[in-house]
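Below is one structure, written out as structure tokens; comments come after it.
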Amino acid sequence: MRTETLAVHGGYDGDPATRAVAVPIYQSVAYEFDSAEHAAALFNLEAEGFRYSRISNPTVAVLERRVAQMEGGAGALCLGSGQAALHNAILALSDVGRNIVSVSQLYGTTHTLFSHVLPRLGVTVRFAAGDDAAEVEKLIDANTIAVFCESVGNPAGNICDLELLANAAHAHGVPLMVDNTVASPVLLRPFEFGADIVVHSLTKFMGGHGTTLGGAIVDSGRFDWRRHAARFPVLNQPDASYHGLIFAEHFGPTAYVERCRNFSLRTTGAALSPLSAFLLLQGIETVALRVERHVENARKVAEFLRNDPRVSWINYAGFPESPYYALAQKYLGGQACSLLAFGAAGGEAHGKQFYNALGLIKRLVNLGDAKSLACHPASTTHRQMTAAEQLQAGVTPDMIRLSIGIEHIDDIIADLDQALGELPTPSSGKIEAFA
Ligand SMILES: *Cc1c(COP(=O)(O)O)cnc(C)c1O
């Protein structure tokens, strides 16, 4: 089945207990065992079933199967937020002294996790200068456990060449982990281009309505952990946290995602609530329709901004002059995402003036909502970075990032038009007055 169909039906064939057509909310913490032997089999990961909702829950399980199917993966784990997904995805492979090699155009909190949190746990992150696969490859060594990128960088809008990055990682026996939040599986399925692990913030396009936090880790099932046993003892040696279970032997193709569940999530506890899973499932049913409109509206906004003298630059991969145009053709089927960035003529001051004048378009930090949203990354999502780190992440002081919603295009453009106001000129005194 295609992504559009899987978004509506994936992972659910009616409730086995009631035949309910909508996915029921199983708001239960625990599940009754038939016997001591049955409980032991569940805890030994020998029998399938539910034990405790921090580890798995029937409503969350439908979401996990749906996301896995939409990405074309072998299995998925859903967690309480995208950030929890990222942290647990890495924890499941980590050990003191290991490292990750990452591109530098990243979501701000991911950058903070990589540069300030993981190093305190003994896992360092080596940032390549940009997203060039050759630069990334130079940083891989015997202790590298993953190459990391965002398929479409937030907020830089760069599109990573996944095939080249996967080849670079695989040449050294390392998996490629891709945050696919901004593209969503509607526009791009990283496993088709060699990625091994996909991570999502379901909070964004997947949920789509700005109501519910959630995250997912998806396992392609294709990385051969056993062949790279020296690099991944955590999957190939008896696990003391699971009375000697060897994940790669016990689970085969889903060894990684099962370690994320039974080692990482079980102990760190950032579980997704069944109610949140239900809400995310409602959102996912319409994700393909929404993304179609998001993309169409964003193209019209990009054209409006490009032709407007009050705008000094615009970053939109749908224009042939964009350095990412060819990659958008290859990876996004010729579409460009509905996330775009621009700078107002007159720089940061005019940008802030524009930002403060927005009416319909909301000032906040989120993306992928049905509503059009605007953010100023340098003062919010990427504020913790130094000026040099911001530039490396593709964030300039004057950058305004827009996430174009599904409203009528005329209303979106009318708001942009009024907020841009009069063309500022250095002699008008307006910029100085604002600063
Ligand atoms: C929002 C976002 C995250 C974090 O997700 P939360 O659900 O907010 O924790 C991670 N990566 C990207 C690309 C994001 O846009």
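Approximating the spin labels as points 7 Å out from Cα along Cα→Cβ, the Thr267-to-Ala230 distance works out to 2.6 nm.
P(r) tail for region 24-101: Cα pairs beyond 17 Å make up 60% of the total. Accessible surface calculations at 1.4 Å, restricted to protein heavy atoms, place the chain at 40 Å² per residue. Taking 0.36 nm per residue of separation and subtracting the current Cα-Cα distance, fully stretching the chain between Arg306 and Ala388 would add 26.8 nm.
Against the main long axis of the alpha-carbon atoms of the chain, helix 347-357 sits at an angle near 80°. Other residues within the sphere of radius under 15 Å centred on the Cβ of Ser35, judged by their own Cβ, net out at -3 (K and R +1, D and E -1).
Measuring nothing but protein heavy atoms, the accessible surface of region 288-420 at 1.4 Å probe radius is 54 percent carbon and sulfur. The apolar share of the surface of region 3-282, taken as the fraction of accessible area on carbon and sulfur atoms (1.4 Å probe, ligands and nucleic acids excluded), comes to 54 percent.
Each of the peptides 370-377, 231-238 was scored by the mean count of other Cβ atoms within 10 Å over its residues; in descending order, highest first, they stand as 370-377, 231-238.
Would you mind checking the tilt of helix 58-71 against the longest principal axis of the Cα atoms of the chain, expressed as 0 to 90 degrees and rounded to 10? The two axes meet at around 60 degrees. Taking Cα centroids, how far is region 221-299 from region 83-160 in Å? Distance between centres, Cα-based: 17 Å. Rounded to whole Å, the principal axis extents of the Cα atoms in the chain read 81, 51, 36, largest first. Rounded to the nearest 0.05, the FRET efficiency derived from the C-beta distance between Glu321 and Gln282 at R0 = 35 Å is 0.35. Computed across region 208-343, the Kirkwood radius stands at 18.9 Å (inverse of mean 1/r, all Cα pairs). Over all other residues within a Cβ to Cβ distance under 15 Å of Gln390, the charged ones net out to -1, with Lys and Arg as +1 and Asp and Glu as -1. Our estimate of slack between Val29 and Leu364, defined as 0.36 nm per intervening residue step minus the Cα-Cα distance, is 117.2 nm. Taking label points 7 Å from Cα along the Cα-to-Cβ direction, Val96 and Ile413 give a separation of 6.1 nm.
The values are calculated or read from the model by the stated rules, or taken from the named source; none is laboratory data. Just so it is clear, the structure is predicted and the values come from calculations on it, not from any experiment. With ideal geometry, Cβ positions are generated from the backbone for all residues, glycine too; neighbour counts draw on all protein chains shown. Heads up: the accessible areas ignore ligands, DNA and RNA and are worked out on the full protein's heavy atoms, side chains in. Shrake-Rupley method; radii C 1.70, N 1.55, O 1.52, S 1.80 Å.
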